[in-house]
Amino acid sequence: MNVLDRPVSRWLAIGLAAAAAAVAIAIAPAAQADSTPVGRLPKGPLATIQTTKGQLVSVALPRPSESSGLVWRIAREYDDAVVEQVSEADVDDAVVLVFRAKGKGQATLRFAQTEGDSSSKAVKAATFKVVVKGPGAPGS
């Protein structure tokens, strides 16, 4: 399916995600600093992503229902010299976080699903290892 065949609602969701990303960029550092620390993480899926410096990497987590009170949070610090978060948005049935690969190395992104931002108990977890190699190909 090419982009012209996609329904208008999909484009609206993408536009809203872009707007939410702009807000997330502005408030993300403060939100991380003020969040309740997450305790022990249960076992969860692990994925490894390989990319090159300068590229964008996204991770998608299943969005819980609003009535559940559950939220996905970054559960542990990661090497921000390797990746930096640039946006976050709800897209369809997923919470999508986008990171920019800043420098060579490895960053482990650990996410926890908790009951709101103030809970320290993780009910689910997911881990993404991002391996960043040297500069990307010209024009990338």
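Relative to the present Cα-Cα distance, how much length would full extension add between Thr48 and Lys133 at 0.36 nm per residue of separation?
Working: separation 85, 0.36 × 85 = 30.60 nm, distance 1.32 nm.
Taking Thr48 through Lys133 to full extension adds about 29.3 nm, to one decimal.
How high is the FRET efficiency between Ala60 and Ala81 when r is their beta carbon distance and R₀ equals 22 Å, given to the nearest 0.05?
Plugging the Cβ-Cβ distance into 1/(1 + (r/R0)^6) gives 0.35.
Read-outs throughout are calculated quantities, based only on the coordinates presented, and are distinct from any laboratory measurement. A quick note: this is a predicted structure, and the numbers were derived from the prediction, not measured. We place every Cβ from the backbone using ideal geometry, glycine too, and count neighbours over all the protein chains shown.
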